[in-house]
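The values are calculated or read from the model by the stated rules, or taken from the named source; none is laboratory data. What you see is a predicted model, and the numbers here were worked out from it, not measured in a lab. Reconstructed Cβ throughout: ideal geometry from the backbone, glycine too, with neighbour counts over all protein chains shown.
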Amino acid sequence: MRISRPPRKTRWARGRVLLVALLVGILGIPHGLSVAQAAAPPSSSDGTVDLFIQDGSVVQPGQVVTVRVTLRAAEAQPIPERAIRLSITAEPLVTEVAMRRFIAREADPSLTTIDVSISPEVLELETGDVRIPFTVPGDPEAEGVPPQLYGLQADLIDDVGDPDAQASLSQRQLLTVVPEDAEVAATPVAPIVTVSVPPAGGQALSVGELEAYTAPGGALDVVAGVLGRYPATIAVDSRITLSIQALGDSAPESARKWADGLSGLGFSQFALPWADSDPLATQAIDTLLYARLGQYPWIHNQEITGPQLEALAQRSAEAVLVPSSLVNSDRTVVQFGSARMVRVDVELSNALREATIAATEVEAEAALQRVQGLVAKRAFSQTDEALVVDTGRLPVTAISLRLENVLERLENVEFVDIVGVPLDKEASELALEINESSPSGEWTSFIADVRELWQSDVRYATIASDPESVVVQRWNRYLALFSSAWMGNPQGRDAQWQRAQEDSAAFHNSVFIEQGSAITVLADRTELPVTIRNDLPSAVTVQLVVSPSRGNLRVEQPTISVVVPAESFRRVSVPVRSLANGTVPVELSLTNSLGLPLGESVTLPVTIRAGWESVITVGLAVIIGLVFAIGIYRAVQRRMAGKELGDG
């Protein structure tokens, strides 16, 4: 049988492919270039995937390292035996922008598959791992080679036999390759530690709460101890300090001791608004200029416009802390209009947050290796500009467990020099534009709803002789709705919003009419007794409106102005006149000076028996006359009887 040969062009192409494959096999170069595709999420209902280099994320060219890929199963959701695909970026991440876009999943460069291995079955809430050795790219003998950064990606796929399958979970890591003869100067890193407490309720902290937080082993006590060993710039929730100040000598000794020691901690300190509320949202609902934004307002996200930033700067004495993504720059302090902005690194902060709240030590290690890569890339450029980073912006109850480990590891990261945040530094760059973006419609609607509820409270408080003392605590309640604690917990914020609406409804019923019993009117003219109670800490002036539902009862004074003392009550007599017999429901309600209703109205049943007063008076007169006549008769009888006896 004759076998036909393919054309010469085809034979040459096949030969080149075989030659390349042979060279790849001989040199041990990773193979299997995959098409760039979007990474799957790092966690889902299936579980969580993460990876780190067991030998440390700073390695040398040609070094054989082991990548550890870990899987953690979710509750009631075990992960069956599947496969892990480990890939490396086909080319180094040359620029800092490329590196940040890769780690933030904003870019999907081409990847080269290193290995595909079977992953073990992982039972619910347990972890399993796959260890994959590979050779770091680069020639260890080459001289004068600059440091380079590669990206690693681990994907959970269904079958080891289908290496190009779509991933269900993906995570990324940074591999820092530094030749042995390379010299890399340290880059300044300025961590911010937020000292705040859970904002539930929005009220000042009680004696019991302060004691629990500041007693030995309490969350505030633990964090203060860590900051004494590993200095950072400290952002303090004013809710804590103001609560201690308000209690004065009544504050627990541990709380007063904690406050006294706070001033000696860290590089510097600055105050946060109550519950670390979002300055932009606070400004949006601030109808009375109550907002205390502090010297350094710290916005929660990038959703800000130029005019908003300008307005914020005008109400700030110093600078505005903003996400680094707001302006395209590698400078720490940037000027935009009248706003001096201190850029807080988004990617670094996200990685440190992951390390701080990591469920396992392995996941914390993986997050800290991403921090290492991010810092290393800045160190390679040697700009001497500080990287400002926050450690999670979470309440102390969430960070106290791992904060010391995170700050210690950050201090020991290669190429890092820990410094304070340059809050007072002059801007080194002038920005002509910012990356403006508007908040979502849902967030805008939420702010509008909060503003409307706050304004209704303000209107209600006008009945008080000292409105500010009545409404100030309500303001703090709404600030807590915009706390940074809810940035990653929308369900918690929704629960607090529901509670805030219930609190507002109760507040609007602080001054009310007590429900009285039914009244029977027997005279043509009488007075209806009404009791008004005031639960507010200030005297109030209200208008009592009395409205009979039928014409057989006339109110002599339908509207009566009443002053009710603070936390007390006042009884009012309402003069009425009965015109006909029958039962009349009388509506009693309260309004403010503008006639706007206050609280709920009360209905008082009044039964009229007009004319019975005269009948009863005549009856009583007859009875009294009869008694008097009988008395006289009996006296005369006794006298006559006595006279007859004397004659006898």
Evaluation of Trp497 against (1) touching a residue at least 40 places away in the same chain (Cβ under 8 Å); (2) surrounded by fewer than 20 Cβ atoms within 10 Å (Cβ to Cβ); (3) within 30 Å of Gly551 (Cα to Cα) (one fails), failing number: (3)
Is there any pair with a first residue in segment 570-585 that is in contact (Cβ under 8 Å) with a residue 24 or more places away in the chain and a second that is outside any strand (DSSP E or B) and of a type in the set (Ser, Thr, Tyr) whose Cβ atoms are under 6 Å apart and which are 6 or more apart or on different chains, and what are they? Pro585/Ser549
In this structure, does Gly62 turn out to be outside any strand (DSSP E or B), exposed (fewer than 14 other Cβ atoms within 10 Å of the Cβ) and either polar (S, T, N, Q) or on the phi > 0 side of the Ramachandran plot (or both)? no
Against the conditions (1) closer than 19 Å to Arg571 by Cα; (2) free of Cβ contacts under 8 Å to residues at least 24 places away in the same chain, where does Thr531 fall short? Just the number, please. (2)
Restricting attention to segment 71-87, which residues are under 37 Å from the mean Cα position of the chain (by Cα) and either of a type in the set (A, V, I, L, M) or assigned by TED's automatic domain parsing to the domain that holds Ser325 (or both)? Leu71, Ala73, Ala74, Ala76, Ile79, Ile84, Leu86
Give the residues of segment 66-96 that are under 26 Å from Thr112 (Cβ atoms) and outside any strand (DSSP E or B), sorted by residue number. Glu81, Ala90, Glu91, Pro92, Leu93, Val94, Thr95, Glu96
Looking only at segment 367-378, decide whether some residue is farther than 30 Å from Leu210 by Cβ, under 20 Å from the mean Cα position of the chain (by Cα) and not acidic (Asp, Glu). no
Does Asp276 fit the bill of being among the acidic types (Asp, Glu), buried (at least 23 other Cβ atoms within 10 Å of the Cβ) and within 21 Å of Ala204 (Cβ to Cβ)? yes
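Rundown of residues vs (1) at pLDDT 90 or above; (2) of a type in the set (Val, Ile, Thr); (3) in contact with a Lys or Arg (Cβ under 8 Å, 6 or more places away or on another chain), yes/no style:
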site	(1), (2), (3)
Thr462	yes, yes, no
Glu502	yes, no, no
Phe512	yes, no, yes
Thr520	no, yes, yes
Glu527	no, no, no
Assuming Asp181 fulfils every condition listed in (1) farther than 24 Å from Val419 by Cα; (2) crowded, with 16+ Cβ neighbours inside 10 Å apart from one, which condition is it? (2)
Of (1) under 23 Å from Leu453 (Cβ atoms); (2) touching a helix residue (DSSP H, G or I) at 6+ places or on another chain (Cβ under 6 Å), Ala259 satisfies all except one. Which? (1)
Which ones in segment 434-484 are among the acidic types (Asp, Glu), touching a residue at least 12 places away in the same chain (Cβ under 8 Å) and farther than 24 Å from Gln203 by Cβ? Glu436
What are the residues in segment 384-413 that are over 30 Å from Ala200 (Cβ atoms), free of Cβ contacts under 8 Å to residues at least 60 places away in the same chain and out of contact with any helix residue (DSSP H, G or I) (no Cβ under 8 Å at 6 or more places or on another chain), if any? Asn412
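Residue by residue, here is whether (1) closer than 26 Å to Ser268 by Cβ; (2) part of a loop (DSSP other than H, G, I, E, B) holds:
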position	(1), (2)
Gln369	no, no
Gly373	no, no
Glu411	yes, no
Pro422	yes, yes
Leu432	no, yes
Ser445	no, no
Ala448	no, no
In segment 546-556, the residues that are closer than 18 Å to Gly516 by Cβ and out of contact with any Leu (no Cβ under 9 Å at 6 or more places or on another chain): Pro548, Ser549
Are any of the residues in segment 385-408 at pLDDT below 90, in a helix (DSSP H, G or I) and in the same structural domain as Thr332 (by TED's automatic domain parsing)? no
Breaking point among (1) assigned to a loop (DSSP other than H, G, I, E, B); (2) in contact with a Ser or Thr (Cβ under 8 Å, 6 or more places away or on another chain), for Gln557: (2)
